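What follows is a single structure, written as structure tokens, with notes after it.
Read-outs: derived from the displayed coordinates by stated rules, not from any lab. All of these numbers come straight from a predicted model, not from anything done at the bench. A quick note on method: Cβ atoms are made from the backbone with ideal geometry, for glycine too, and the neighbour counts reach across all protein chains shown.
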Amino acid sequence: MKALFGELSAVASHRGWPRAPVNAGTWRGIGEALREGKLDLLGEWGDAAAVHCALFEPATRKLQIATHEAGSGAAPSLAVFHPPALRLERAIADLFAIEMVGLPDRRPWLDHGRWPDPAPLAQQRAAATPAATGATPPARAIERPPYRFLPAEGPGLHQIPVGPVHAGIIEPGHFRFTASGETVVRLEERLGYTHKGIERLMAGQDLEPASRIAARLSGDSTVACSWAFVQAVEGALDFRPPPRAVWLRGVMAELERIANHLGDIGAI
């Protein structure tokens, strides 16, 4: 981490974990460090003019956020070096219309050709949702060509499609099994059927309605999602909650965790 960020200046206005703007060379160095296992990728996301990644260095247990500008509509891909970044960068391309240069797989991830507004977060328009403005969305979405699943190549291979609606799946998802007899040699997933557009719903909201949205992200994880949201708010405001609040959050989170475990055991 020190070799990559030692001489870079952190953004003074960014509270919480340190964030530093980086150039293409440092971004490539991050990718190489991820490939070599020196860093862990905690997340990668975009905004209207940049791509960000959160990094963890196991050797020093330090966290760092890096930002690469994408003002021209493009940014280098980390997935070239680190395959776990692949879906994250496909989502960035769908939501922000940012070209991830070198991205090995350019198929859409979240955009299933049903969105009336392609790249809905490209301009971060805070009040652009129909719920906020009363506007009527376009009647037709932008049509996309059929999704290209990876082909079955090789003697004796066949494909078994499952989903997106199937009794054995908790939420919708299409799973394409490539099998040789009874041996599954590859599984390809296509998700995003129930993408809720939370980022756009959150944009421009006051804290109270935003907290209600966070609490409704997942019905069985209300405490966990609310806690994550309030930590982001407290970090942005540089606010430290009283110890009693932290203890109450911990107790509620444990009760929620136990309830989820009991529910899973009951479903066996």
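If you work out log10 I(q)/I(0) by the Debye sum over Cα atoms at q = 0.07, 0.16 Å⁻¹ from the coordinates, which of (1) -0.28, -1.40; (2) -0.33, -1.32; (3) -0.32, -1.53 do you get?
(3)
Regarding segment 1-125, what is the average projected area of its C-alpha convex hull, in nm²?
7.9 nm²
Could you go through segment 97-110 in sequence order and give the Karplus-derived ³J(HN,Hα) for each residue, using 6.51 cos²θ - 1.76 cosθ + 1.60 with θ = phi - 60°, rounded to whole Hz, and x for Gly and Pro?
Values per residue, Gly and Pro as x: 6, 8, 7, 8, 5, x, 4, x, 10, 9, 5, x, 10, 9 Hz.
Quickly rank 230-236, 150-156 as a protection proxy: mean count of other C-beta atoms within 10 Å, highest first.
Final packing ranking: 230-236, 150-156.
Taking 7 Å along the Cα-to-C-beta vector as the label spot, tell me the Ala54-Arg257 distance in nanometres, rounded to one decimal.
1.8 nm
Do you know the relative contact order of the chain, to the nearest whole percent, from alpha carbon pairs under 8 angstrom that are 6+ apart?
Relative contact order of the chain: 11 percent.
DSSP loop (so not H, G, I, E, B), at most 12 other Cβ within 10 Å: list which chymotrypsin sites (Phe, Trp or Tyr not before Pro) in segment 221-250 pass both filters.
Here the chymotrypsin sites (Phe, Trp or Tyr not before Pro) that fit, given the DSSP loop and packing criteria, are Phe239.
Work through the residues other than Asn23 whose Cβ is under 13 Å from its Cβ and net out their charges, Lys, Arg +1 and Asp, Glu -1.
Net charge around Asn23: -1.
Could you check the simple spin-label distance between Phe177 and Leu157, using points 7 Å along Cα→Cβ, in nm with one decimal?
In this crude spin-label approximation the distance works out to 1.6 nm.
Given just the C-alpha atoms of segment 153-212, how large is their convex hull per residue in cubic angstrom?
108 Å³
Once the piece of chain linking Leu207 and Leu237 is laid out straight, how much longer is it, given 0.36 nm per residue of separation minus the C-alpha distance between them?
Full extension of this stretch gives 9.6 nm more.
Pop out the ³J(HN,Hα) list for segment 251-265 in order, Karplus 6.51 cos²θ - 1.76 cosθ + 1.60 with θ = phi - 60°, rounded to Hz; leave Gly and Pro as x.
5, 5, 5, 5, 4, 5, 4, 4, 4, 5, 5, 5, x, 5, 5
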